[in-house]
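Just so it is clear, none of the values below were taken in a lab; they were calculated from the coordinates. These numbers were taken from a predicted model, which means no experiment stands behind them. Quick reminder, even Gly has a Cβ in these numbers, built from the backbone with ideal geometry, and neighbours come from all protein chains shown.
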Amino acid sequence: MRKDVRILLVGEPNVGKTSLIMSLVSEEFPEVVPYRAEEITIPADVTPERVPTHIVDYSGTLIMLVPLILVGNKSDLVEHSSMETILPIMNQNSEIETCVECSAKNLKNISELFYYAQKAVLHPTGPLYCPEKKDVRPLCVKALTRIFKVSDLNNDGILNDNELNFFQRTCFNTPLEPQALEDVKNVVRKNLNDGVCDNGLTLKGFLFLHTLFIQRGRHETTWTVLRRFGYDDDLELNQDYLFPPLKIPPDCTTELNHNAYLFLQSVFDKHDKDRDCALSPDELKDLFDVFPYMPWGPDVNNTVCTNDQGWITYQGYLSQWTLTTYLDVQRCLEYLGYLGYSIIAEQESQASGITVTRDKRIDLQKKQTQRNVFRCNVFGDTGSGKSGFLQAFLGRNLMRQKTIREEHRSYYAISTTYVYGQEKYLLLHEVFPDFDYLSDADVACDIVCLVYDISNPYSFEYCAKVFKQYFMDSKTPCMMIAAKSDLPEIKQMYGFSPLEFCRRHKMPPPQSFTCNTAAAPSRDIYTKLTTMAMYPVLVSTFISTCLSGFHVMIHIGQ
């Protein structure tokens, strides 16, 4: 909604512009009219639309003003109406919102004139309706269609009585009485064959109602709906709606809270029509139909868990939302805005669905964390098995991984693990193997995975260099992964063996791993990683205490 309205009175000299302003203010005709009135401001609490209004006596030359109100002043000087002459002019100029005859001397239609002017600014006809075609404009249809789909809570293509009442309360803060609800549907039935179905309002019926409102001069009804669902005067979603303010201090992360997960679960259930706990391509397309673009590409299917058909599962769907929130919270806010989170969940904005975690240093001091998402950056030389390690977390063995197309490859994998009975998200990120150019984002994480190929004698050296250059003096826990453990192990061409290197640097011994299995690879190692990420201080202390001998067995999170 606009913060204020500015009305310019434009016309030839002596048509009565100044008199109109003075008659409005003093509620009587001025005996002495100045050449030009000073700008006046009408406070919000005395205007019908509750918006401050500035009225300007404009004496300059006006080239273009949208919208326009055509005013016939000094109606007290004639006995007949000029409306028959004016209406054809109005119909030929779509920027003219309305026409009104008034008299500053008799105070006829003075307050009405400025009310219409205010209304023309706040609820303009132009963006909504094309008078030449006598139909709603395409952008308006697009916006109302999204609103209908967001409001169709069970996705059956109609707004039933409960959904209509929720819509009414959301937009107008009052429910419809049962008789009023029936009256609305009866109006649609009389004018449209397929406007009502199963006693609910169809999309065609919904659009017809708004066309009727506009044609009958009730633009404010449609504008109230549009603005409640986030649209601006150009029928684009408002940036303030899509991107509400959210302060994120350094060293803090962003997660979805319980209310946001409940909302996203309801969106999933709404579109999983066959109830197979996965979203087919058609179901996914239908879910994102309220977006201006398709937000998820084919790489998402290789970032989260899918079923045997390659469709994103319920768990995978929530994981992708969790990933977006963690990596790009502004994009998450935008996506939740398209889905209508603040409206359906009855929250102030999408920001209410986000939890900003406390500074990681406080977690380390208190030796506990309330976070639910932990980031593991995965390092390793080319061909070491990093990609296989990520895909194995999603339950894919080597045979299944070979079906992934290179252009659909993902450098992220996210899923859930359980640590002492608590469900947590582990986010794996494969870091590009040029360790001389690692950015702060490449290094910042909760735990580090250093992956080497046991069958390649030069593979471990890369891991050792990355550790010594970036993590040896940090408090970030590290784990060495001995990948491709199904192959014969070859001595690594480095000064120390991987086991000795880990012992010297107070790390757990290298963990054997392979994704070349008949079934889904074991997930034990991912539970260990999540546990170490959750309790870095305790794990470090435990390892320091235990590593008095050469061999040590580490059982973390099992």
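Annotation: the antiparallel percentage among DSSP beta bridges lying fully within the chain is about 45.
Taking max minus min of the alpha-carbon positions on each principal axis, segment 98-244 gives extents of 57, 40, 33 Å, largest first.
Rounding to the nearest 10 and keeping the result within 0 to 90°, find how far the Cα-based axis of helix 258-271 lies from the longest principal axis of the chain. Approximately 80 degrees, to the nearest ten. Scalar couplings 3J(HN,Hα) for segment 329-334, obtained by applying the Karplus form with A = 6.51, B = -1.76, C = 1.60 to θ = phi - 60°, are 5, 5, 5, 4, 4, 4 Hz; x denotes Gly and Pro. The charge dipole of the chain, taken about its Cα centre with unit charges on the Cβ of Lys, Arg, Asp and Glu (plus for the first two, minus for the last two), comes to roughly 1940 debye. Length gained on full extension, residue 328 to residue 368: 11.9 nm, using 0.36 nm per residue less the C-alpha separation. Quick one: go through segment 21-55 and flag any residue whose amide nitrogen is under 20 Å from the point 7 Å out along the Cα-to-Cβ line of residue 224. It comes to 44-52, nothing else.
Would you kindly state the longest site-free stretch of the chain, with sites defined as chymotrypsin sites (Phe, Trp or Tyr not before Pro) in a DSSP loop (not H, G, I, E, B) surrounded by at most 14 other Cβ atoms within 10 Å? Could you put the intermediate results ahead of the total?
Values: sites that count: 35, 293, 420, 458, 496, 550.
Of all site-free stretches, the longest is 36-292.
Over segment 253-357, what number does the Rg to Rh ratio reach, with both radii from the alpha-carbon atoms and Rh per Kirkwood?
Values: Rg = 13.1 Å, Rh = 13.9 Å.
So for segment 253-357, dividing Rg by the Kirkwood Rh gives 0.94.
Restricting the trypsin sites (Lys or Arg not before Pro) of segment 164-268 to loop positions (DSSP other than H, G, I, E, B) with no more than 16 neighbouring Cβ atoms within 10 Å leaves 216, 218, 247.
Over 26 Å between Cα atoms, which of 270/360; 142/185; 367/465; 270/402 qualify? Write down the numbers at each step before the final one.
Working: 270/360 37 Å; 142/185 22 Å; 367/465 29 Å; 270/402 34 Å.
Long pairs (Cα-Cα over 26 Å): 270/360; 367/465; 270/402.
Available extension along the chain between residue 49 and residue 189 is 47.2 nm, counting 0.36 nm per residue and deducting the alpha carbon span. Placing pseudo-labels 7 Å out from each Cα toward the beta carbon at residue 77 and residue 8 gives an inter-label distance of 2.5 nm.
On a 30 Å Cα-Cα criterion, which of the cross-link pairs 119/247; 119/149; 468/491 come out too long? Let's see the in-between values first.
Details: 119/247 36 Å; 119/149 28 Å; 468/491 21 Å.
As for pairs spanning more than 30 Å Cα to Cα, those are 119/247.
The label point for residue 438 and the one for residue 356, both projected 7 Å from the Cα toward the Cβ, are 2.9 nm apart.
Rounded, prolate or oblate: which one fits segment 5-122, using the alpha carbon gyration tensor with axes a ≥ b ≥ c (rounded when a/c is under 1.5, else prolate when a/b beats b/c, else oblate)? The partial results should precede the final answer.
On the way: a/c = 1.40, a/b = 1.09, b/c = 1.29.
Rounded is the answer for segment 5-122, as its axis ratio a/c remains below 1.5.
All C-alpha pair distances within the chain, sorted into 20 Å bins from zero, spread as 17, 36, 25, 16, 5, 0 percent across the bins. Against the main long axis of the alpha-carbon atoms of the chain, helix 161-172 sits at an angle near 70°. Residue separation of residue 36 and residue 199 scaled by 0.36 nm, minus their Cα-Cα distance, works out to 52.8 nm of gained length. For residue 484, the aspartates and glutamates whose Cα falls under 13 Å of its own Cα, not counting residues fewer than eight places away in the same chain, are 453.
Can you tell me the 0 to 90 degree angle between the C-alpha axis of helix 536-546 and the longest principal axis of the chain, rounded to 10? Helix 536-546 sits at roughly 0 degrees to that axis.
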